[in-house]
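The structure's right below; bear with me while I get my questions together.
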């Protein structure tokens, strides 16, 4: 690349910057455009109940990580590619810290179909709530991880959470409610 070509390209970029920042309104627009982005995050709620007595043995909220495949899934849904929607929740016994590259639970114990998937309205329109139930005798054990997937086996993972042990006994049912918020 010659000196003349470098000089011409330099003038082009200087002119573009001058036009971009020509007014306060343009400067604000550029600043907000650079800052704008989608930041999905969520939290999962565990409600474990003894079937015989009705007593709640666990009522706890935990944060999660929306993994890279989950962010890609959100983009696919926005583009209309019609990739399968999130349809299942899984629980497991893994304890490794969630990473962006996760595509599965560390040690999956059980996976169930979602009871519901709903988008909020009004001020909560940026939230999706997923609910799943494990009946007595289903998914029993020392649960330490969970995730949301778009398939009954394998599939794409939306998010993963790791937490202190939630003991689910054979005589207990468990309802997990996962709230995913899409926020800038």
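The values are calculated or read from the model by the stated rules, or taken from the named source; none is laboratory data. This is a predicted model, so every value here is computed, not measured. Don't worry about glycine lacking a Cβ; one is built from the backbone with ideal geometry, like all the others, and counts go over all protein chains shown.
If you go through segment 63-72, how many residues are surrounded by fewer than 16 Cβ atoms within 10 Å (Cβ to Cβ) and either not assigned by TED's automatic domain parsing to the domain that holds residue 147 or not in a strand (DSSP E or B) (or both)?
Selection size over segment 63-72: 2.
Residue-by-condition table, conditions (1) closer than 30 Å to residue 170 by Cβ; (2) assigned to a helix (DSSP H, G or I); (3) free of Cβ contacts under 8 Å to residues at least 60 places away in the same chain; (4) under 17 Å from the mean Cα position of the chain (by Cα):
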residue: 49; (1), (2), (3), (4): yes, no, no, no
residue: 54; (1), (2), (3), (4): yes, no, yes, no
residue: 61; (1), (2), (3), (4): yes, no, yes, yes
residue: 75; (1), (2), (3), (4): no, yes, yes, yes
residue: 85; (1), (2), (3), (4): no, no, no, yes
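With respect to residue 135, determine if the residue is in the same structural domain as residue 163 (by TED's automatic domain parsing), at pLDDT 95 or above and within 19 Å of residue 58 (Cβ to Cβ).
The answer is yes for residue 135.
Considering only segment 103-114, state which residues are without any contact (Cβ under 8 Å) to a residue 40 or more places away in the chain, surrounded by 12 or more Cβ atoms within 10 Å (Cβ to Cβ) and either more than 18 Å from the chain's Cα centre (by Cα) or not in a loop (DSSP other than H, G, I, E, B) (or both).
Answer for segment 103-114, where residues must be without any contact (Cβ under 8 Å) to a residue 40 or more places away in the chain, surrounded by 12 or more Cβ atoms within 10 Å (Cβ to Cβ) and either more than 18 Å from the chain's Cα centre (by Cα) or not in a loop (DSSP other than H, G, I, E, B) (or both): 107, 108, 109, 110, 112.
Quickly run through segment 116-140 and pick out the residues that are within 15 Å of residue 87 (Cα to Cα) and either buried (at least 17 other Cβ atoms within 10 Å of the Cβ) or in contact (Cβ under 8 Å) with a residue 24 or more places away in the chain (or both).
Answer for segment 116-140, where residues must be within 15 Å of residue 87 (Cα to Cα) and either buried (at least 17 other Cβ atoms within 10 Å of the Cβ) or in contact (Cβ under 8 Å) with a residue 24 or more places away in the chain (or both): 117, 128, 129, 130, 131, 132, 133, 134.
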